[in-house]
Ligand SMILES: Nc1ncnc2c1ncn2[C@@H]1O[C@H](COP(=O)(O)OP(=O)(O)OP(=O)(O)O)[C@@H](O)[C@H]1O
Ligand SMILES: [Mg+2]
């Protein structure tokens with residue numbers, strides 16, 4: 001097994017103290033049935049992996065939880081989005097958004113009475129339009145005096161945070177019980193993550209301390225960047241028949257994985273120059 005691959009496989013997740021807090025806060029939200037949690041973070045920070053980690057945890061407890069994972073939230077309309085969620089729970093499609101919403105409530109009540117918590121995990125939440133966000137608010141109106149009948153966990157890039165801060169999205173923002181923010185790893189955590197992934201893959205860690213520090217400098221602790229640089233450097237070492245990764249292979253990997261700079265003599269297209 002290769003220790004460095006870019007898929008969001010939850011088995012590869014190295015749990016830092018801050019990720020443990022994210023998991024705990026989200027679990028508290030789900031188990032106390034408080035309705036809405038967000039896992040926010042910049043690109044490549046581990047949101048999809050954390051979401052899948054939680055999904056795997058709850059979907060393995062079928063007796064107590066009914067779950068679904070929406071991997072891409074870019075639905076063209078609120079109706080299409082709700083129909084997808086209902087369909088995942090075996091509910092038939094209806095003719096309109098209102099009919100779909102109305103038909104969903106008895107299912108949620110039935111699950112509640114059976115002692116089962118319904119959870120929807122939504123990835124790429126920044127792709128939801130404001131209209132689709134409104135569906136979340138509609139779903140959170142299904143509630144008893146004490147709790148919400150459906151739990152929503154949304155992973156999204158930071159632009160969604162910025163949108164939630166706008167006045168027009170005040171209603172949904174005010175319903176967030178668990179807002180979590182995934183930040184870059186520290187230098188120690190970067191080394192911990194590299195070591196952990198090697199252990200998981202059953203291979204000795206080929207990076208020494210200086211190498212791991214260099215990976216941290218080059219990536220500033222962004223997990224996807226760490227994985228990509230390590231993958232290239234590790235592959236190069238294996239090809240050279242080495243059991244360790246020399247520093248210059250790490251530099252080379254950083255060069256290989258950086259996008260080429262635009263040539264100075266080629267004019268930059270106007271739309272890029274203005275970006
Ligand atoms: N804490 C971690 N431990 C180990 N690997 C991690 C960790 N966090 C992220 N990764 C790895 O980094 C890569 C990117 O993670 P992921 O796809 O979850 O990021 P993302 O935040 O969803 O990115 P995007 O915003 O582009 O969707 C994956 O290969 C994942 O396994
Ligand atoms: Mg993702």
Problem set entry | DSSP-defined beta bridges in the stretch 17-181 - what % are antiparallel, rounded to 5 | 5
Exercise. Any idea what angle helix 223-239 forms with the longest principal axis of the chain, computed on alpha-carbon atoms, 0 to 90 degrees, nearest 10?
Worked result: 40
Problem set entry | Degrees, to the nearest 10: 209-219 long Cα axis against longest axis of the chain | 60
Exercise. What is the spread of the Cα atoms of the stretch 187-256 along each of their three principal axes, largest first, in whole Å?
Worked result: 28, 28, 19
For this session: State the three equivalent ellipsoid semi-axes of the chain, derived from the C-alpha gyration tensor as the square roots of 5 times its eigenvalues, in descending order and whole Å.
Result: 40, 23, 16
Problem set entry | Whole-angstrom gap from the stretch 188-237 to the stretch 101-141, using each part's C-alpha centre | 39
Problem set entry | Overall form of the stretch 143-275 per C-alpha gyration tensor (a/c, 1.5; a/b vs b/c) | oblate
Exercise. In percent, how large is the relative contact order of the stretch 151-275, given Cα pairs closer than 8 Å and 6 or more residues apart?
Worked result: 19
For this session: Using only Cα atoms, find the angle between the long axis of helix 78-88 and the longest principal axis of the chain, and express it within 0 to 90 degrees, rounded to the nearest 10.
Result: 90
For this session: Determine, for each peptide in 19-30, 168-179, 92-103, the mean count of other beta carbons within 10 angstrom over its residues, then list the peptides with the highest first.
Result: 19-30, 168-179, 92-103
Exercise. Over the stretch 17-181, what relative contact order in percent results from Cα pairs under 8 Å that are six or more residues apart?
Worked result: 38
Seminar exercise, completed: Percent relative contact order for the chain, counting Cα pairs under 8 Å at least six residues apart, stands at 25
Exercise. Tell me, how many Å apart are the Cα centres for the stretch 74-95 and for the stretch 15-61?
Worked result: 24
Exercise. When DSSP beta bridges are limited to those with both residues in the chain, what percentage is antiparallel, rounded to the nearest 5?
Worked result: 5
Seminar exercise, completed: In terms of the alpha carbon gyration tensor, root eigenvalues a ≥ b ≥ c, rounded if a/c is under 1.5 and otherwise prolate when a/b exceeds b/c or oblate, the stretch 108-202 is oblate
Seminar exercise, completed: Volume per residue (Å³) of the convex hull spanned by the alpha carbons of the stretch 20-67 is 75
Seminar exercise, completed: Computed on Cα atoms, the radius of gyration and Dmax of the stretch 52-166 in angstrom are 13.9, 39
Seminar exercise, completed: Calculated from DSSP helices alone, with each H run of at least 4 adding -39500 (n - 2.57) and the total divided by the residues of the chain, [θ]222 nm to the nearest 500 comes to -15000 deg cm²/dmol
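A short reminder: the numbers here are calculations on the coordinates, not readings from a lab. From a predicted model like this one, the values you see are computed outputs, not experimental measurements. Every residue, glycine as well, gets a Cβ built from its backbone with ideal geometry; the counts of neighbours run over all protein chains shown.
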